[in-house]
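A quick write-up on the structure given underneath.
Read the figures in this text as sums done on the coordinates, not as results from a lab. These numbers were taken from a predicted model, which means no experiment stands behind them. Here Cβ is always computed from backbone atoms with ideal geometry, including for glycine, and neighbour counts include all displayed protein chains.
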Amino acid sequence: MNFYFSNKKISGMLVVLPANERKFVDDMKTFNFPEARSLKLKEVMGYDKHRVVTNGTCSSDLAVAGMQHLFDEKLLGRDDFDALIVVSQSSDHILPPTSNVIQGRLNLKQDLFCIDVNQGCAGFIVGLMQAFMMLEQSSIRRIVLINVDVLSTRVSPKDRNSYPLIGDGASITVVEEGGMGEIFANLKMDGTSRDALIIPAGGFRIPTSSKTAVLEDAGDNNFRAKDHLRMDGSAVFNFVQVHVPPMIESLLEFAKVTSNEVDYYAFHQPNRFMLQKLADKMQVPYEKMPNNIVENFGNSSGVTIPTVLAYNLQNELLDGSRRICLAGFGVGLTWASMYMRMGNMSFCNIINYP
Amino acid sequence: MNTIASILAQLRPEIKFEESNNYINDGLLDSFDIMVLVSELDKAYSISINGIDIIPENFKSQAAIEMLLKKYEVNE
């Protein structure tokens, strides 16, 4: 499904990462695999360091710290936005929505459209689409889009498939009216493959209990509980390789641009290997598709695209503009992409929490 | 020992691959081993195996790997 927007822009972007950093060489001591085998995986996938929360830090803690930073630095006025979209798979509570938690903790105005969206690795693009659609309302002039996840607390440290790559973080993206040209997007979803990425317990279908907390042998030397994230690595890898290249081809055709005209491909960051395979298939030079987020910070779901942008393209997005193709793919399963000119931002940086 | 066998031996030195008819069903290679194997094959033969070819079926035996490599004009 295609989407078209105009007269909308991203005016600022802040990424908040936990200061706590874990190293793969320390993590691998808890895996049930020979060290040499894990080190080979480190080399291919790009595992090295990842940022994870400590001491019960929740999504709203990262988000509130980031928002307060923007208020303190006078980069955003407390009353200068009309909607707060929170995209997350790790809400503070089942209810109320985390957007309301953030609104309350920051004492924001009551004339504020607060809404939560349960999305993951495609969540930045889904959130932007929501924001652009909301801006069609005359009562909404500026929107704060928060992507946030603290899923490390729901990944088994004895799961070598998922733990080394998981990262936590938040991003705050200010979206408003203003012209940087046309914006093209597309989105597809496939709920029949929903089990490929799932945390089975913790909702109403399978409430958490002492049984769901028990580590089980997954049959491949990994151990995880029903309370933990379960990723079918092979299925997810195949899904991405099959669906993402044609999605991008279709998007660029819709936008009437050639792949060479795109300055950067800022894609979700599952691991280095998967991104290099996508780049090879799409015949995109590696330097146009940065793949260094998992090795430096980990995969923080919907926060990886803002992290790619702030870590690799900060100067180019603050001073001038670039033609960027975004793509996110993961839980749902969902795959989405967007092409837009982005830049002249008033802020674009990464801060640590605390 | 040919190149494929040599790469497999380096990947899992404790395994006797020649005793298995199906590396996947016998639990000798998991999905992450396959990615490492692909990376090593890419390097050894200066190719880039297409992402859509990276499915367990193509890595279940030495014969299956050889068949896949033929697509990339590699003859073991």
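Against the 2.2 N^0.38 Å scaling, with N counting residues, where does region A:166-233 land? I'd like the Cα-based Rg ratio to two decimal places.
Working: Rg = 18.7 Å, N = 68, 2.2 N^0.38 = 10.9 Å.
For region A:166-233, the normalised Cα radius of gyration comes out at 1.71.
Hey, fewest Cβ within 10 Å first, where do A:Met345, A:Met134 land in order?
Values: A:Met345 22, A:Met134 18.
Listed from fewest to most nearby Cβ atoms, that is A:Met134, A:Met345.
Each residue of region A:10-16 in turn: what ³J(HN,Hα) in whole Hz from Karplus with 6.51, -1.76, 1.60 and θ = phi - 60°, glycine and Pro shown as x?
9, 9, x, 8, 10, 10, 10
Between B:Ile15 and B:Lys71, what is 0.36 nm times their sequence separation minus the Cα-Cα distance? Round to one decimal in nm.
17.4 nm
Would you work out the charge dipole size for region B:3-71 about its Cα centre, treating the Cβ of every Lys and Arg as +1 and the Cβ of every Asp and Glu as -1, and quote it to the nearest 20 debye?
Values: 6 positive and 11 negative charges, 43 e Å.
It works out to roughly 200 debye.
Once phi is turned into ³J(HN,Hα) by the Karplus curve 6.51 cos²θ - 1.76 cosθ + 1.60 with θ = phi - 60°, what whole-Hz value does each residue of region B:7-23 show in order, with x for glycine and proline?
The phi angles translate into 5, 4, 5, 5, 5, 9, x, 7, 9, 9, 4, 5, 8, 10, 8, 8, 4 Hz.
Nothing charged except the Cβ atoms of Lys and Arg (+1) and of Asp and Glu (-1): what's the magnitude of the dipole of the protein assembly as shown about its Cα centre? Round to the nearest 20 debye.
Working: 40 positive and 51 negative charges, 96 e Å.
For the protein assembly as shown, the charge dipole is close to 460 debye.
Through the Karplus equation 6.51 cos²θ - 1.76 cosθ + 1.60, θ set to phi - 60°, convert the phi angles of region A:262-276 into ³J(HN,Hα) values in whole Hz; use x for Gly and Pro.
With coefficients 6.51, -1.76 and 1.60, one gets 7, 6, 9, 10, 9, 9, 3, 10, x, 5, 5, 4, 4, 5, 5 Hz.
Using 0.36 nm times the number of residues separating A:Lys29 and A:Leu95, minus their current alpha carbon distance, what extension gain do you get?
Details: separation 66, 0.36 × 66 = 23.76 nm, distance 3.73 nm.
Result for the pair: 20.0 nm of gain on full extension.
Please build a GNM for chain A, connecting alpha carbons under 10 Å apart, and tell me which residue among A:Phe24, A:Phe71, A:Phe204 fluctuates the most.
Residue with maximal mean-square fluctuation among A:Phe24, A:Phe71, A:Phe204: A:Phe204.
With the Cα gyration tensor of region B:3-71 in hand, convert its eigenvalues to equivalent ellipsoid semi-axes via √(5λ) and list them largest first in whole Å. Numbers along the way, then the final one.
Details: eigenvalues 61, 33, 24 Å².
So the three semi-axes of region B:3-71 are 18, 13, 11 Å.
Quick check on my link table: of A:Lys8/A:Lys277; A:Lys158/A:Lys226; A:Lys226/A:Lys277, which ones sit more than 23 Å apart, alpha carbon to alpha carbon? Don't skip to the answer; put the middle values down first.
On the way: A:Lys8/A:Lys277 32 Å; A:Lys158/A:Lys226 13 Å; A:Lys226/A:Lys277 31 Å.
Pairs exceeding the cut-off: A:Lys8/A:Lys277; A:Lys226/A:Lys277.
With a sphere of radius 15 Å drawn around the Cβ of A:Tyr265, what net charge do the other residues whose Cβ falls strictly inside it have (Lys, Arg +1; Asp, Glu -1)?
Numbers: positive: A:Arg272, A:Lys277, A:Lys281, A:Lys288, A:Arg322, A:Arg323, A:Arg341; negative: A:Glu249, A:Glu261, A:Asp263, A:Asp280, A:Glu287, A:Glu316.
Charge balance in the 15 Å sphere: +1.
Take chain A, connect every pair of alpha-carbon atoms lying under 10 Å apart with a spring to form a Gaussian network, then pick out the residue of A:Asp61, A:Asp48, A:Asp72 with the largest mean-square fluctuation.
With Cα springs under 10 Å in chain A, the top fluctuation among A:Asp61, A:Asp48, A:Asp72 is at A:Asp72.
Sort all Cα-Cα distances of the protein assembly as shown into consecutive 20 angstrom bins from zero, then give the percent of pairs in each bin up to the one containing the longest distance.
26, 56, 17, 1
Considering chain A as a Gaussian network with a 10 Å cut-off on Cα pairs, which listed residue, A:Leu112, A:Leu318, A:Leu95, attains the greatest mean-square fluctuation?
A:Leu95
If each DSSP helix of 4+ residues adds -39,500 (n - 2.57) and the sum is divided by the residues in chain A, what number results at 222 nm, nearest 500 deg cm²/dmol?
Result for chain A: -8500 deg cm²/dmol, rounded to the nearest 500.
Out of residues 5 or more away from A:Phe347 or on other chains, whose amide H comes under 5 Å of its own, with H placed 1.01 Å from N in the peptide plane?
Amide H neighbours of A:Phe347: A:Met13.
In region B:1-50, what GluC sites (Glu not before Pro) fall in a loop by DSSP, with at most 13 other Cβ atoms inside 10 Å? It would help to have the intermediate numbers written out before the result.
Values: sites: B:Glu14, B:Glu18, B:Glu19, B:Glu40; in loops: B:Glu14.
Passing sites in region B:1-50 are B:Glu14.
Which one, B:Ser20, B:Phe59, B:Tyr72, projects farthest toward the positive side of the charge dipole computed for chain B from Cβ point charges (K/R +1, D/E -1)?
The listed residue farthest towards the positive side: B:Tyr72.
First check a/c for region A:211-354, with a ≥ b ≥ c the square roots of the eigenvalues of its C-alpha gyration tensor; if it is under 1.5, answer rounded, and if not, answer prolate when a/b is larger than b/c or oblate otherwise. Intermediate values should be presented prior to the final figure.
Working: a/c = 2.50, a/b = 1.52, b/c = 1.64.
In terms of gyration-tensor shape, oblate.
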